[in-house]
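The values are calculated or read from the model by the stated rules, or taken from the named source; none is laboratory data. All values derive from a computational prediction rather than experimental measurement. Ideal geometry is used to build each Cβ from the backbone, glycine not excepted, and the neighbour counts take in all protein chains shown. Areas reflect the complete protein model, heavy atoms only, side chains present, ligands, DNA and RNA absent. Shrake-Rupley method; radii C 1.70, N 1.55, O 1.52, S 1.80 Å.
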Amino acid sequence: MRDPLHWMPVRVKLPLLVAGVCLLAFGVGGTIVSSSARNAIEAEILRRLDAECRSHAEALDHALTLLTRRAQDFASDGYIRDRLERVGQPEGAAEANAAVALTELADYLARNKLPLVAAFRDLAVLDAGGKVLVAVHAPKEAVAAMAPAFASADELPSHSGLREPDRVIDAQHVVIAVPIRDLAGTRELGRLLAFVSFDGWLAAAATRIGGAVGADPAAPGAPPTAAALHLVDPAGRRANVEVPVSAPPRRAPGTRPLLARALRLEINGWTLHSEVDAATALAPVTGLQSRFLLVGAVLAALSGALLFFPMRFLVAPLAALQRASIRIAEGDLAARVPVESSDETGAMATAFNSMAEALGDRARRIAEAGAALARSKRDLVIERDRLNAVIASMRDALIVVGPAGDVVLRNAAAAPLLPALLDPARRPALVSHHRCSRSDGAAPLDGGVKGCAACLLHPGAGSRSCLVDVGGATFEVHAVPVAAAVDEPPGRLLVARDVTERIEQDERQIHHERLSALGEVAAVMAHELNNPLAAICLFQQLLDGALPADSPHKEAVERIGRNAETCRRTIRELLDYTTGASSEVGEVALHSALEAAARFVRPLCKRAQIDVELSLADADPVVIGDEVQVRQLFVNLVMNALQAIASGGRGGRVTLASRVDGGRAEVDVVDDGPGVPASAQPRLFQPFFTTKPRGEGTGLGLATARRIAELHGGRLELQETRPGRTVFRASFRVAVPAGRPIGVAP
Ligand code: ADP
């Protein structure tokens with residue numbers, strides 16, 4: 001969980017926290033305690049108010065009952081009843097007696113009765129009809145005004161409501177009405193009204209009130225409650241009760257009593273209300289809560305003062321640590337913190353200083369290593385530039401291929417080799433010089449010839465070598481595994497050298513060696529056979545001339561002559577092939593040589609129904625060499641085409657087409673014969689290889705033609721062969737005589 005006050009410094013947060021805890025604890029505790037105390041005190045006050053109410057009501061009830069009984073005692077007085085009876089006698093003779101009786105009654109009441117009860121302020125007598133007969137002190141009219149209420153009262157004795165001071169009595173009072181009956185007790189003569197002053201009533205109840213409160217068993221010895229008492233009559237009029245034992249509470253202006261109890265008086269249905277001002281009664285409790293808060297505040301202040309020392313010795317070192325850390329983070333590795341104690345903060349400061357020391361050492365070593373690294377990098381850059389210069393200036397092609405087949409490094413000499421090696425679509429351009437020559441002796445990939453590129457570039461393979469032809473040049477390619485980058489699987493390093501000239505030179509060398517061997521044989525054969533053959537020819541001619549035309553030996557003699565001629569021709573051609581003799585070097589117009597060859601073979605072609613066509617380039621290329629030999633080359637090719645077409649037993653066409661391309665001239669000899677059999681193709685240019693019947697072919701035609709081409713700086717290849725189309729291509733180096741366009745005859 002994240003600190004919600006994370007943005008506040010500890011030196012502020014900690015005192016605040018302690019002060020907050022104190023205030024909260026004492027505030028909440030004070031509230032709980034004061035509310036509990038308040039509830040308890042309220043309950044106690046209400047209980048006491050109840051008890052007070054009850055005791056006061058009993059006292060008031062009792063006092064009024066006693067006063068009522070005294071009034072009844074007065075009404076049952078015989079003298080009063082007698083006089084009243086007399087007053088009510090019929091008019092006439094006794095009228096004087098009635099008046100006397102009234103006077104005696106009034107006098108009797110004033111002298112003998114009214115002084116007996118201090119609470120009685122006045123007495124009056126009504127007759128049965130409610131007429132005021134006697135009023136001791138009050139004027140009769142004033143009593144007469146209230147008389148109807150008492151005359152009509154059904155229940156007797158009856159009590160009036162609270163009466164305000166009036167002409168009868170100048171203080172609040174209550175009137176008790178009791179019946180006055182005749183001496184026989186059968187007839188109501190009238191009513192006695194006793195005017196009881198309120199003070200008198202209360203005074204009568206006072207002694208009992210004090211006793212009742214003091215005798216409360218629920219709270220023995222408890223102080224009297226400072227409650228206000230007042231009485232309310234059924235009409236809602238209110239009178240305060242002055243009780244000597246309980247001083248009325250001082251009520252704050254604007255406040256209203258909160259705690260109150262009420263009890264009904266049995267005798268007259270009045271209600272006694274007892275009230276206590278809540279604010280005054282609960283003042284000690286209210287003070288309690290604020291006292292709690294005050295104690296909390298004092299404790300918070302004390303805690304803050306006490307925390308000063310831990311803050312000074314804990315937070316200040318931490319702040320110093322923080323400042324030093326920031327300085328180190330900004331690169332000032334000399335930042336240290338003072339060690340002022342041997343406690344945990346001191347240990348932390350020591351550890352920090354050690355760490356800063358170690359960091360400084362490490363930074364120094366890193367700076368030295370960085371400087372060494374920079375020097376090494378400079379050396380490496382120089383080395384790399386040197387290496388790049390070497391690689392760029394190499395005549396050999398150098399290619400570094402990554403594990404994914406991407407070219408990481410290559411030099412200019414690699415340009416002709418790259419497409420055939422790396423572009424799968426152009427790989428057919430790469431032709432193996434011979435069948436696979438994998439150095440590890442494993443089986444060739446992808447069927448051999450076409451798998452050379454994949455084999456050389458195979459990731460994870462060992463070192464491999466291959467001899468391939470690309471675009472007319474022969475390359476010797478060596479491939480070895482090499483790491484193109486650190487933490488990467490190895491790629492391939494290919495070094496290729498153009499060995500075309502070396503191969504050709506080797507081939508020429510071998511060829512010459514063979515030729516010289518063959519030439520020696522041919523010379524010996526010619527030397528040994530020429531004379532016998534000359535003799536055979538001479539004698540064959542003599543024999544042929546001597547035989548008659550119809551001689552049966554004629555055919556045999558002619559065959560001897562033909563075979564002897566074949567032998568002589570073979571020996572001559574062999575000598576021509578091996579020695580290349582009789583060449584007269586000069587400028588040879590290629591087109592002229594072609595036309596001469598065509599002219600030479602045309603009669604033969606005509607017999608065999610074969611057309612010979614020329615398709616010559618615009619410019620007539622000139623080569624340096626022997627015209628006879630050049631013509632011989634084309635004659636040999638056309639004769640072979642002729643024989644091939646004729647072997648099919650039907651006519652055909654031979655085309656001689658020339659083309660000039662830069663410093664080279666090419667001549668294609670195309671025929672629509674059956675094509676060269678696949679089995680014959682590898683040995684086509686070997687001397688004495690022939691597929692023709694014995695006596696018809698010597699097997700020296702193509703070998704001689706290729707030799708002539710090579711003697712003229714050119715080549716002879718079987719370009720294409722299939723049924724219906726065979727192409728032999730002879731190429732020559734075109735001469736560049738001064739003052740003439742390159743390779744073009746004048
Ligand atoms: P020869 O003609 O005496 O047989 P070559 O050296 O001239 O000797 O030819 C060698 C072989 O090449 C021929 O025997 C023939 O099988 C084949 N050959 C040469 N030219 C063609 C061609 N135009 N069409 C088919 N096969 C050919």
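Solvent-accessible surface of protein heavy atoms, probed at 1.4 angstrom with all chains present, puts K140, K554 in the order K140, K554, largest first. The C-alpha atoms of the chain define a longest principal axis, and helix 590-607 lies at about 70 degrees to it.
Remark on region 352-398: Rg and Dmax equal 19.6, 64 Å (Cα only). Per-residue 3J(HN,Hα) values for region 288-296, derived from phi via the Karplus relation 6.51 cos²θ - 1.76 cosθ + 1.60 with θ = phi - 60°, read 4, 4, 5, 5, 4, 4, 5, 4, x Hz in sequence order (x marks Gly and Pro). Annotation: M311 carries an accessible surface of approximately 20 Å², with a 1.4 Å probe and no ligand, DNA or RNA atoms counted. Only helices enter this figure: runs of n ≥ 4 DSSP H residues, each worth -39500 (n - 2.57), summed and divided by the residues of the chain, yield -16000 deg cm²/dmol at 222 nm to the nearest 500. Each Lys and Arg Cβ is given +1 and each Asp and Glu Cβ -1; about its Cα centre, the chain then shows a dipole of about 1060 debye.
All Cα-Cα separations within the chain were binned at 10 Å from zero, giving a P(r) of 2, 8, 10, 9, 7, 5, 4, 4, 4, 4, 4, 4, 4, 4, 4, 5, 5, 4, 4, 3, 2, 1, 0, 0, 0, each value a whole percent of the pairs.
Accessible area ranking (1.4 Å probe, heavy atoms, ligands and nucleic acids excluded), largest first, for F688, F539, F150: F539, F688, F150. Rolling a 1.4 Å probe across all protein chains gives E595 an accessible area of roughly 80 Å². Relative to the longest principal axis of the Cα atoms of the chain, helix 627-646 runs at roughly 70 degrees.
Projecting the Cα positions of H458, S55, H273 onto the charge dipole of the chain (unit charges on Cβ atoms of Lys, Arg, Asp and Glu, taken about the Cα centre) puts H458 furthest along the positive direction. Compactness ratio for region 106-201: Cα radius of gyration over 2.2 N^0.38 Å (N = residue count) comes to 1.00. Put simply, the amide H of A153, placed in the peptide plane, has no neighbours under 5 Å, leaving out anything fewer than 5 places away on its chain.
Taking θ as phi - 60° and the Karplus parameters 6.51, -1.76 and 1.60, the scalar couplings of region 139-150 work out to x, 4, 5, 5, 5, 4, 5, 9, 4, x, 4, 7 Hz in sequence order, x denoting glycine and proline. Among the GluC sites (Glu not before Pro) in region 324-425, those placed in a DSSP loop whose Cβ has at most 14 other Cβ atoms within 10 Å are E330, E340. Region 340-411 and region 627-671 have Cα centres spaced 70 Å apart.
Here the 3J(HN,Hα) profile of region 673-688, calculated from phi with Karplus coefficients 6.51, -1.76 and 1.60 at θ = phi - 60°, is x, x, x, 7, x, 4, 5, 8, 4, x, 10, 4, 9, 7, x, 6 Hz, Gly and Pro shown as x. Accessible area per residue for the chain is 55 Å², calculated with a 1.4 Å probe on protein heavy atoms, without ligands, DNA or RNA.
Comparing A535, M525, I510 along the charge dipole axis of region 498-550, the residue lying farthest to the positive side is A535, per the Cβ-charge model. According to the calculation over all Cα-Cα pairs in region 306-388, the P(r) per 10 Å bin from zero is 17, 30, 20, 13, 10, 6, 3, 1 %.
In the chain, carbon and sulfur make up what percent of the accessible area (probe 1.4 Å)?
57
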